[in-house]
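Undergrad: Okay, handing you the structure first.
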Amino acid sequence: MVLPIVGSEEVKVTPWEAEAFVDYDRLIKVFGAKALSDEEIDLLKGLAGELHPMVRRRVFYSHRDFDVFLRMFKEGFKCALYTGRGPSGHTHVGHILPWIFTKWLQDRLGLHLFFQMTDDEKFWHDEKQELSVTNRLAYENILDLAALDLDPRKTHVIIDSEDIRYLYPIAVKVAKKITYSTQKATFGFTDSTNVGMVFYPVLQMTVAFLPSELYGEDVYVLIPAGIDQDPYWRIARDIASSLGYPKPAQIHNKLLPGLGPEGKMSSSKPETAVYTTDDPEVAKQKIMKAFTGGQPTVELQRKLGGNPDRCSIFKMYEMMFEEDDVKLQERYHACKTGNLLCGECKAELAERVSKYLIDFQRKREKARNNLSDFLLRTKFNPPKVSK
Ligand code: TRP
């Protein structure tokens with residue numbers, strides 16, 4: 001489904017679709033978000049003690065009220081993290097990118113994370129999808145959170161189709177604040193969109209207010225997520241104060257490009273995505289076949305150099321698989337000057353990714369034994385709405 005964001009028809013970034021190499025500066029303007037500034041980065045460094053490479057490199061690059069969130073945190077107000085996943089398939093490395101940073105925030109700032117699994121959304125979104133499938137995938141996807149070492153005592157997963165009693169008391173109030181015309185204008189719904197999809201955004205917004213109800217006090221919520229999810233938060237922020245909740249803050253990450261010639265890494269194009277469940281050998285092959293920013297021949301590559309700025313392989317290093325800034329810089333330079341050939345660069349990444357997957361999959365399987373420790377319903381009672 002191609003959903004234009006009204007007012008910015010050329011920008012193809014919606015909750016359901018995105019290009020590979022997006023003009024992020026433009027997107028910030030179109031979406032009305034703010035670029036992450038040195039000031040916020042310093043504030044984060046002061047509180048966290050160090051900086052995550054994803055912040056240093058501006059993989060997380062824009063925000064709404066991240067500065068306010070950090071100040072509230074510093075002053076001792078109650079804060080929490082919120083993110084989520086539409087379980088339409090197995091998880092790929094593009095999905096875990098924001099979760100890696102979320103886990104870092106959880107550790108560094110000692111925050112609880114509320115994590116929404118939208119098995120309903122993915123069922124409604126795809127005509128051919130079965131709810132039993134998205135629900136099963138929600139549980140599979142929880143294993144990925146465990147494999148990332150998110151702390152089960154501080155990570156609370158909500159599965160929409162099963163945990164609606166946690167959301168509904170809040171959702172009824174949220175829904176009353178949103179008109180159909182706002183939904184249409186924000187998400188591009190049409191007369192043939194099913195009403196499940198039309199209602200769904202209410203549930204995604206509701207989780208931003210859930211911590212305040214669960215703790216019975218104002219909780220400042222930060223949402224680390226791809227900028228494609230921003231439309232939900234624009235509405236959530238508009239209605240928050242009228243419902244008596246703090247406005248949720250966001251920090252947006254860039255989307256990991258897919259390994260094919262175009263598009264973000266996407267479950268709808270499995271050959272362009274490295275799944276956490278891929279056999280490490282299969283993952284290697286996908287990487288070796290990836291589309292790069294290189295020249296068509298070795299001779300031309302040596303002569304003209306490659307284009308790391310438009311290369312899915314370089315982006316994998318930059319966004320996830322090279323922590324060392326100096327080494328990343330060297331790789332960039334070696335590519336541009338034609339000293340590094342795509343084949344070598346891919347082979348090295350393939351090796352790293354396959355090692356990563358072997359370790360990840362071991363932890364992932366182990367987590368099947370304590371999966372229920374991650375479920376919100378095993379730890380909290382449903383909220384009684386006070387506001
Ligand atoms: N709609 C998101 C998706 O399709 C899932 C989601 C629910 C989410 N709540 C969220 C993503 C909060 C980021 C932050 O993947």
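The values are calculated or read from the model by the stated rules, or taken from the named source; none is laboratory data. No experiment lies behind these values; they were computed from the predicted model shown. As a convention, Cβ positions derive from the backbone with ideal geometry for all residues, glycine included, and neighbour counts pool all protein chains shown. For the accessible areas, the whole protein counts, side chains as well, though only heavy atoms, and no ligand, DNA or RNA atoms are used. Shrake-Rupley method; radii C 1.70, N 1.55, O 1.52, S 1.80 Å.
Undergrad: Report the Rg/Rh value for the chain, based on alpha-carbon coordinates and the Kirkwood definition of Rh.
TA: 0.96
Undergrad: Now a separate question. Would you mind getting me the FRET efficiency between ARG234 and GLN129? Use the beta-carbon distance for r and R0 = 25 Å, nearest 0.05.
TA: Once rounded, the FRET efficiency stands at 0.40.
Undergrad: With an 8 Å cut-off on Cα pairs and a minimum separation of 6 or more residues, tell me the relative contact order of the chain in percent.
TA: Across the chain, relative contact order equals 21 percent.
Undergrad: Something else now. Counting DSSP beta bridges with both partners in the chain, what percentage is antiparallel, nearest 5?
TA: 35
Undergrad: Pop a pseudo-label 7 angstrom from the Cα along the beta-carbon direction at both ASP373 and ASP151 and give the gap in nm to one decimal.
TA: So the label points at ASP373 and ASP151 sit 1.2 nm apart.
Undergrad: What base-10 log of the normalised intensity I(q)/I(0) is obtained for the range 215-371 from the Debye formula, alpha carbons as equal point scatterers, at q = 0.15, 0.17 Å⁻¹?
TA: -0.90, -1.02
Undergrad: May I pose another question? What FRET efficiency do you get for LYS29 and GLU262 if R0 is 25 Å and r is their Cβ-Cβ distance, rounded to the nearest 0.05?
TA: Efficiency computed from Cβ-Cβ geometry: 0.65.
Undergrad: Calculate the radius of gyration of the Cα atoms of the range 26-160 to one decimal place, then report Dmax, the largest Cα-Cα distance, as a whole number, both in Å.
TA: Rg and Dmax of the range 26-160, Cα atoms, are 16.4, 49 Å.
Undergrad: What's the whole-number percent of alpha carbon pairs in the range 190-284 lying beyond 21 angstrom?
TA: Within the range 190-284, distances greater than 21 Å cover 53 percent of Cα pairs.
Undergrad: Compute the convex hull volume of the Cα atoms of the range 83-139, divide it by the residue count, and report the result per residue in Å³ as a whole number.
TA: 75
Undergrad: Shifting gears a bit: Within a Cβ distance under 11 Å of GLN250, other residues only, what is the Lys/Arg minus Asp/Glu net charge? The partial results should precede the final answer.
TA: Values: positive: LYS34, ARG64, ARG234, ARG237, LYS247; negative: ASP65, ASP230.
Here the count lands on +3.
Undergrad: So, one more: Using modelled amide H (1.01 Å from N, peptide plane; none on Pro or chain starts), what sits under 5 Å from the amide H of HIS112, excluding residues fewer than 5 places away?
TA: It is LEU81, by chain and number.
Undergrad: Modelling each spin label as a point 7 Å along the Cα-to-Cβ direction, I'd like the VAL326/GLN285 distance in nm, to one decimal.
TA: Computed distance between label sites VAL326 and GLN285 equals 3.9 nm.
Undergrad: Also: What does the charge add up to near HIS333, with Lys and Arg as +1, Asp and Glu as -1, over the other residues with Cβ less than 15 Å from its Cβ? Mind dumping the intermediate values first?
TA: Working: positive: ARG302, LYS327, ARG331, LYS336; negative: ASP309, GLU318, GLU322, ASP324, ASP325, GLU330, GLU344.
Net local charge, HIS333 excluded: -3.
Undergrad: Let me ask something additional. Using Cα centres only, tell me the gap between the range 59-74 and the range 76-118 in whole Å.
TA: Between the Cα centres of the range 59-74 and the range 76-118 lies a distance of 15 Å.
Undergrad: Please report, to one decimal in angstroms, the Kirkwood hydrodynamic radius of the range 303-384 built from all distinct Cα-Cα pairs.
TA: 15.6
Undergrad: I've got another one for you. Roughly how many debye, to the nearest 20, is the charge dipole of the range 270-366 about its Cα centre, given +1 on each Lys and Arg Cβ, -1 on each Asp and Glu Cβ, and no other charges?
TA: Numbers: 17 positive and 17 negative charges, 29 e Å.
Computed about the Cα centre, the dipole is about 140 debye.
Undergrad: Further question on the same structure: Near the amide H of LEU375, under 5 Å away, which other amide H atoms are found, from residues 5 or more places off or on another chain, if H is placed in the peptide plane?
TA: Here the answer is VAL157, since their amide H atoms fall under 5 Å of that of LEU375.
Undergrad: Can you work out ³J(HN,Hα) from phi for every residue in the range 331-339, in order, using Karplus 6.51 cos²θ - 1.76 cosθ + 1.60 and θ = phi - 60°, giving whole Hz and x for Gly and Pro?
TA: Listing the rounded values in order: 5, 4, 5, 4, 5, 4, 8, x, 7 Hz.
Undergrad: Something else now. So how do GLU140, GLU351 rank on accessible area, 1.4 Å probe, biggest first, that is with the largest at the start?
TA: GLU351, GLU140
Undergrad: Further question: If you place +1 on the Cβ of every Lys and Arg, -1 on the Cβ of every Asp and Glu, and leave all else neutral, what size is the dipole of the range 2-257 about its Cα centre, to the nearest 20 Debye?
TA: My answer is approximately 480 debye.
Undergrad: Specify the residue with the greatest mean-square fluctuation among ASN253, ASN194, ASN369, computed from a Gaussian network of the chain linking alpha-carbon atoms under 10 Å apart.
TA: ASN369
Undergrad: Tally Lys and Arg at +1 and Asp and Glu at -1 over the other residues with C-beta under 12 Å from the C-beta of THR193: what net charge comes out?
TA: Its environment carries a net charge of -1.
Undergrad: Would you kindly derive the ³J(HN,Hα) couplings of the range 103-119 from the backbone phi angles with the Karplus curve 6.51 cos²θ - 1.76 cosθ + 1.60 (θ = phi - 60°), listing them in order in whole Hz, with x for Gly and Pro?
TA: 4, 4, 5, 4, 5, 5, 9, x, 9, 7, 10, 9, 10, 9, 9, 9, 5
Undergrad: Moving on to the next point. Restricting to Cα pairs below 8 Å that are 6+ residues apart, what does the relative contact order work out to for the range 270-366? Please round to a whole percent.
TA: That works out to 36 percent.
Undergrad: Let a ≥ b ≥ c be the square roots of the eigenvalues of the Cα gyration tensor of the range 284-325; is it rounded (a/c under 1.5), or, if not, prolate (a/b larger than b/c) or oblate?
TA: It is oblate, given that a/c is not under 1.5 and a/b is not larger than b/c.
Undergrad: Right, next: State the percentage of accessible surface on the range 56-171 attributable to carbon and sulfur atoms; use a 1.4 Å probe and exclude ligands, DNA and RNA. Display every interim value, and only then the final one.
TA: Details: 1980 of 4000 Å².
Of all accessible area on the range 56-171, carbon and sulfur atoms account for 50 percent.
Undergrad: Can you give the accessible area per residue of the chain, in Å², using a 1.4 Å probe?
TA: Accessible area per residue, the chain: 43 Å².
Undergrad: Amide H to amide H under 5 Å from GLY294: which residues, 5+ apart in sequence or cross-chain, H placed 1.01 Å off N in plane?
TA: ASN307
Undergrad: Between LYS176 and ASP218, take the C-beta separation as r, use R0 = 22 Å, and let me know the FRET efficiency to the nearest 0.05. Present the calculation step by step, with values, prior to reporting the outcome.
TA: On the way: r = 21 Å, r/R0 = 0.95.
In this case the efficiency is close to 0.55.
Undergrad: Just to make sure I understand: if all protein chains stay in place, what is the order of PHE291, PHE187 by accessible area at 1.4 Å, largest first? Intermediate results must be reported in sequence, preceding the final value.
TA: Working: PHE291 110, PHE187 5 Å².
Ranked list, largest accessible area first: PHE291, PHE187.
Undergrad: Still on this structure: Rank these residues by their accessible area, most exposed first, probe 1.4 Å: ARG352, ARG57.
TA: ARG352, ARG57
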